[in-house]
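To start, the structure under review is shown below, and the notes come after it.
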Amino acid sequence: MNRQALLWSLILVVLLLLLSTPLVMVAMSLAMIPVVYLFVRLDTKKFVVYYVLSLLALYAVTSMFGSGTLGTVAVVFSLGLLIPAIVMGVLYKKKSSARSVITGGTVAFLAQLLVFLLLLTLFGVQVTDEIRQFMRSSLETVPAELRELIPATMIDQIIDVMVQMLPLYLIGISVYYSVITHWLARKALNRSGESIPGLRPAKEWMLPKSFVWYYLIALVLNLIFLEPDGSMIVMMLLNVMPILMAAFTVQAFAFFFFLADVKGWSKAVPVVLVIVSAFLLLLLPGIIQLFTLLGLFDVAFPIRSRMKKS
């Protein structure tokens, strides 16, 4: 166990060192996994010792190469992931379901992001103004020929809409971290002798029927409030509609797995269908409406029971 703890502590240090390299996105995505592993496999006192020693080793290495500032940033980043990692670790120790673990990690991560934004605001940082400035700076990197095709007023509207969708981005980041961490940490923990439950097979996934009503209500309100006038209800719709559409799209993907199981197709068929569908969604984002409708019908109507009977 000591060797495993040392190995995962080293992995944590390496991932944090990679934050200053072109692999920064990979490192950021995986940084919670060693912390979750150590928390589940060690008692609290040993976890604190190994975690603190890892951060000290990180800072020592960066200081040796004259990059103490980078070490400080990496340490702060790791501490920012500590609470969600501990929440997921506690749920793992309680043998909670995979859905509970992902939900707990998502809520903890989202709460921490909100606290961070609140602290920035208290220290006088205008978060929305900074986001607008960042987006305008990003647009300046676009070739002038393309920028001239878009009217300035439209650019302002697009930026305003994207700023209003900040809650959606925060939720998306929180879900992403929790899903990636659960997916890989569970594999590592199970290989080490733990028994961590996974999600149910995709063919069994089913959203609550209440989601159908949420979507219909949001759809009606979206038709009433067409113009992005900056009101609270418009901002809510800008964030709620993409979440509901994404949920029903995932439900449509789950239907592919159910269909393959009922028809006796190869297990590779639904995987290929999901990959092709995801690729099409990247090329033609508008077709998400089709997947949303498929997922909506799957939840609202007894399609699966009829297919089983037939």
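Just so you know, all these numbers are worked out from the coordinates, no wet-lab data involved. Since we're looking at a predicted model, the values are computed, not measured. Don't worry about glycine lacking a Cβ; one is built from the backbone with ideal geometry, like all the others, and counts go over all protein chains shown.
Relative contact order of the chain, taken over Cα pairs closer than 8 Å and 6 or more residues apart, is 15 percent.
Under the classification rounded if a/c is under 1.5, otherwise prolate if a/b is larger than b/c and oblate if not, where does segment 142-268 fall, given a ≥ b ≥ c as square roots of the Cα gyration tensor eigenvalues?
Values: a/c = 2.21, a/b = 1.74, b/c = 1.27.
In terms of gyration-tensor shape, prolate.
How large is log10 I(q)/I(0) at q = 0.06, 0.10, 0.15 Å⁻¹ when the Debye formula is applied to the Cα atoms of the chain, each weighted equally and without solvent? Debye intensities relative to I(0), on a log10 scale: -0.27, -0.76, -1.36. Listed cross-link partners LYS203/LYS267; LYS203/LYS309; LYS203/LYS308; LYS203/LYS263; LYS95/LYS203 are compared with a 19 Å cut-off, the Cα-Cα value being larger for LYS95/LYS203. Coupling constants for segment 39-49 follow from the phi torsions by the Karplus curve (6.51 cos²θ - 1.76 cosθ + 1.60, θ = phi - 60°), and in residue order they are 5, 6, 7, 10, 6, 4, 5, 5, 4, 4, 4 Hz; glycine and proline get x.
Give the residue list of GluC sites (Glu not before Pro) in segment 46-146 that are DSSP loop and have at most 16 other beta-carbon atoms within 10 angstrom. The partial results should precede the final answer.
Details: sites: GLU130, GLU140, GLU145; in loops: GLU140.
Those satisfying the criteria are GLU140.
Normalised by the number of residues in segment 1-80, the mean separation of alpha-carbon contacts (under 8 Å, six or more apart) gives a relative contact order of 35 percent. Here the residues MET25, MET135, ranked from fewest to most Cβ neighbours within 10 Å of their Cβ, fall in the order MET25, MET135.
Can you put TYR59, TYR215 in order, fewest other beta carbons within 10 Å first?
Numbers: TYR59 19, TYR215 22.
Ranking TYR59, TYR215 by Cβ neighbours within 10 Å, fewest first, gives TYR59, TYR215.
Just want the ordering: ARG306, ARG99, from fewest to most Cβ atoms lying within 10 Å of their own Cβ. Walk me through the numbers before you get to the answer.
Details: ARG306 9, ARG99 12.
The fewest-first ordering by Cβ neighbours comes to ARG306, ARG99.
The orientation-averaged projected area of the convex hull spanned by the Cα atoms of segment 44-112 comes to 5.1 nm².
What value in Å³ per residue do you get for the convex hull of the alpha-carbon atoms in segment 95-199? Walk me through the intermediate numbers first.
Values: hull volume 15.6 nm³, N = 105.
That works out to 149 Å³ per residue.
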